[in-house]
Amino acid sequence: MEKKSDGKEKIIFLHHSTGENIWNGGLAEELSEYSIEEQEFPKDSPYGWENYPYDYWNIWVNNAGESEYMDEPTLEMLTQNYDVIMFKHCFPVGYIEEDTGNADIASSEKTLENYKLQYNALKEKMLEFPNSTFIVWTGATLVESETDPSYAERMQEFVNWVKTEWDEEGDNIYIWDFYDLETEGNLYLKDSYSQGDSHPNESFSLMVAPYLANRIRGIIEGDGDNNNLTGK
């Protein structure tokens, strides 16, 4: 969706700890020409510290409306207050189990089949707000010591599906390829980018915050379908 910036766009960044690290890498300073806020979503209480495909679907689709669900804002509410809504998943999103053949959109079980149903429903929901812009991070991933190859391969498959099938040109939904920055084409968060677990460290956060700012700026200025998904 081509959209020229008027410089007055209001941005909300919904995140947990990984996103907080990138925020602390200087994202707001990099985007000083815009109004950008950050918010933990969903909060630890009362909803719970879960920000996976099921949870966005549960809050924004399953419990859509003009009032909060368990103290969390719906898209009907967020789109009234912000022009750009950016959200992400923390790295446990990568603990993807094998498909069972019984996909269930209302299941919090982490499988590719469930993720795809939930993402497709989220896309349909976001398309109901054509005057809003949505930015979705590809999933944060794990260091090799905290996962195994089968989990990592399924995570890579999910990210590739999001980028090549789920994401479409010409709409109001865009991707920032955080996964590619973390893995550099491999399956795991690089150890040199880790703070000792699967959280990105300060040097990585300082490196990629300007990339995210570039990506956001390009999207707001109407070039979201053309510029690099990583913002490099």
Could you give me the ³J(HN,Hα) list for region 150-157, computed from phi with Karplus coefficients 6.51, -1.76, 1.60 and θ = phi - 60°, whole Hz, x at Gly and Pro?
5, 4, 5, 5, 5, 4, 4, 4
Reduced to Cα centres, the span from region 59-138 to region 157-198 in Å works out to 17
Semi-axes of region 145-188's equivalent ellipsoid from the Cα gyration tensor, sqrt of 5 times each eigenvalue, largest first, rounded to whole Å?
23, 11, 7
The chain, helix-only ellipticity at 222 nm - DSSP H runs n ≥ 4, -39,500 (n - 2.57), divided by all residues, nearest 500
-9000 deg cm²/dmol
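Evaluate the Kirkwood expression for the hydrodynamic radius of region 178-221, namely the inverse of the mean inverse distance over all pairs of different C-alpha atoms, and round to one decimal in Å.
That comes to 11.1 Å for region 178-221.
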Arrange M155, M207 by Cβ neighbour counts within 10 Å, fewest through most, would you?
M207, M155
Hydrodynamic radius by Kirkwood, which averages 1/r over all alpha carbon pairs of region 1-122, in angstrom
15.7
What is the chain's relative contact order, in percent, from Cα pairs under 8 angstrom and six or more apart in sequence?
25
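The numbers here are math on the coordinates, done by the rules we state, and not lab data. What you see is a predicted model; the values in this text were computed from it and never measured. When we count neighbours, we look across all protein chains shown, and the Cβ atoms used for this are built from the backbone with ideal geometry, even at glycine.
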